[in-house]
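Enquirer: Before I ask anything, let me first share the structure, which is written out below as structure tokens.
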Amino acid sequence: MVLPQIQGNHAVGTSYWKSSLPRRVFGSATLKGKQKPAFVLEEVAFQIFYPCEDKQAVKEAPFGIGWIDSPLAKWADGYSSFLGYSRWLLYPLILLTSIMVKVPAFSGPPLKPPPSEGKRWPLVFFSHGLAGTRTTY
């Protein structure tokens, strides 16, 4: 199952980037039942979506990226902690979702050149919020 196809004038490519940062703790909140800080920044990761060449030109690029990435156990741990449910209750749901649901974009194709010389594509930043991730917003 793929999420609904993207409607528009261009095929969509995607690429994942991350960068490690010096560990930084924000505030004094701790995880419930643990004495670990709740808000810790150790890396910045983001998913870029961009116009790419048409579907015939990106045949080599895989289509459909996973909506939920590996390792799945980390997802189950994170969502069970956030929602207050058992990890074992959520793991089967996360496993099925990771197998069945794909984001309708090509993985890693080249950026499509802008339509006019000297022009650039517009850039949009989107933040998923506290309980989201780069693909599960």
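The values are calculated or read from the model by the stated rules, or taken from the named source; none is laboratory data. Owing to the predicted nature of the structure, the values given are computational and were not obtained by experimental measurement. Positions of Cβ are backbone-derived with ideal geometry, glycine not excepted, and every protein chain shown enters the neighbour counts. Areas reflect the complete protein model, heavy atoms only, side chains present, ligands, DNA and RNA absent. Shrake-Rupley method; radii C 1.70, N 1.55, O 1.52, S 1.80 Å.
Enquirer: What do you reckon, is A76 at pLDDT below 85, hydrophobic (A, V, I, L, M, F, W, C) and within 30 Å of G8 (Cβ to Cβ)?
Expert: No.
Enquirer: Regarding P22, is this residue modelled with pLDDT under 80 and open to solvent by 60 Å² or more (accessible area, probe 1.4 Å)?
Expert: It is false that P22 is modelled with pLDDT under 80 and open to solvent by 60 Å² or more (accessible area, probe 1.4 Å).
Enquirer: Identify the single condition in (1) loosely packed, with under 10 Cβ neighbours inside 10 Å; (2) under 30 Å from H10 (Cβ atoms); (3) modelled with pLDDT of 85 or more that W88 does not satisfy, given that it satisfies every other one.
Expert: (2)
Enquirer: Check off (1) under 30 Å from F39 (Cβ atoms); (2) modelled with pLDDT under 80; (3) open to solvent by 40 Å² or more (accessible area, probe 1.4 Å); (4) not hydroxyl-bearing (S, T, Y) for F63 and give me the number that stays unchecked.
Expert: Tallying (1) under 30 Å from F39 (Cβ atoms); (2) modelled with pLDDT under 80; (3) open to solvent by 40 Å² or more (accessible area, probe 1.4 Å); (4) not hydroxyl-bearing (S, T, Y), F63 fails exactly one: (1).
Enquirer: Failed condition for W75, given (1) without any contact (Cβ under 8 Å) to a residue 40 or more places away in the chain; (2) open to solvent by less than 50 Å² (accessible area, probe 1.4 Å); (3) out of contact with any helix residue (DSSP H, G or I) (no Cβ under 8 Å at 6 or more places or on another chain); (4) within 27 Å of V124 (Cα to Cα), with all others met?
Expert: So W75 meets the others, but not (3).
Enquirer: Something else now. If we keep just the residues of the range 1-19 that are open to solvent by 90 Å² or more (accessible area, probe 1.4 Å) and of a type in the set (A, V, I, L, M, F, W, C), which is farthest from P109 (Cα to Cα)?
Expert: M1
Enquirer: Answer yes or no as to whether S107 is in contact with a Gly (Cβ under 8 Å, 6 or more places away or on another chain) and open to solvent by less than 40 Å² (accessible area, probe 1.4 Å).
Expert: Taking the combined requirement at face value, the residue does not satisfy it.
Enquirer: Does any residue in the range 92-114 that is farther than 27 Å from C52 by Cα come within less than 9 Å, Cβ to Cβ, of a residue that is open to solvent by less than 50 Å² (accessible area, probe 1.4 Å) and of a type outside the set (G, A, S) six or more places away or on a different chain, and which pairs are these?
Expert: Taking only residues 6 or more apart or on different chains, the pairs are I94/I68; I94/L72; I94/W75; L95/I68; L95/L72.
Enquirer: Can you list residue pairs whose Cβ atoms sit under 9 Å apart, with the first residue in the range 18-30 being on the phi > 0 side of the Ramachandran plot and the second being open to solvent by 80 Å² or more (accessible area, probe 1.4 Å) and not acidic (D, E)? Count only pairs 6 or more apart in sequence or on different chains.
Expert: Hits for this filter: G27/F39.
Enquirer: On to the next question. Give the range 25-52 a look and list any residue that's of a type in the set (S, T, Y) and either within 30 Å of K112 (Cα to Cα) or surrounded by fewer than 10 Cβ atoms within 10 Å (Cβ to Cβ) (or both), or say none.
Expert: Scanning the range 25-52 gives S28, Y50.
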